[in-house]
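Chemist: Pasting a structure here, questions to come.
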């Protein structure tokens, strides 16, 4: 079999060509041909565009939620930063020696290094010939006597976290509170008792025979570890003997009064 160009077809190709030749062509649609001719003449044929319907926009609930969470987290960070109390600052001391901070001895004359090292929760021991004053501006001041070993408390926060804790293993610590301490609490534990400070000037003495609390002004409370709470008023002292469950109250020690007055007056000037 020969195609229209004069080339010989193979048997398979010849069969396909014969079948195509025998196909019946469908008649043309007169209406379609007329519409197509009109569009071609008017020039509208090339301007047809394919319009795809877009799905409706999805609600952006996740974006709103994420934005809200981000704003809330930022607010929490700002509030937490503002709530932070002033850090402990070491004041110059007339004595010589060192303060052992978590096992590292730092000369007490190096107040900048002491301030850098002391943190809430630090275990300190004063090996010096004189007292050492620590202050958190506006809140709290502590005077540590030579030979004292204690865990430093965290000064109370401005709005929350207003309860602080300290532990005096041995020695003598004098405490006075500042004008911004109002409404806060400081709990000082010793081997025999827990002392609750709410706004006062007092001395906590942890001796081998027991614990003694001397209150210059304000009110403190002391509770033996296996006893009831006792109120300690201004100008009095309360003693808890080692192994005893009932405190004994009497007039405050005469040696503590002038030292507590001096601490209160100096620290109130520094803190206010």
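Only the coordinates and a few stated rules stand behind these numbers; no lab work does. In this text, all values refer to a predicted model and were calculated from it rather than measured experimentally. All Cβ positions, even for glycine, are placed from backbone atoms using ideal geometry, and neighbour counts span all protein chains on display.
Chemist: Give, as ranges by residue number, the residues of the range 132-147 whose backbone N falls under 17 Å from the point 7 Å along Cα→Cβ of residue 105.
Modeler: Counting backbone N atoms under 17 Å from the label point, the list is 146-147.
Chemist: Follow-up. What percent do you get for the relative contact order of the range 141-208 when only Cα pairs under 8 Å and 6+ apart count? Walk me through the numbers on the way to the answer.
Modeler: On the way: 141 pairs, mean separation 21.8, N = 68.
It rounds to 32 percent for the range 141-208.
Chemist: Provide, as a two-decimal number, the C-alpha radius of gyration of the range 86-271 over 2.2 N^0.38 Å, N being how many residues it has.
Modeler: Details: Rg = 15.3 Å, N = 186, 2.2 N^0.38 = 16.0 Å.
That works out to 0.96 for the range 86-271.
Chemist: So, one more: Highest mean first, what order results for 114-121, 177-184 on Cβ atoms within 10 Å?
Modeler: Details: 114-121: 16.0, 177-184: 17.9.
Ranking, from highest mean packing down: 177-184, 114-121.
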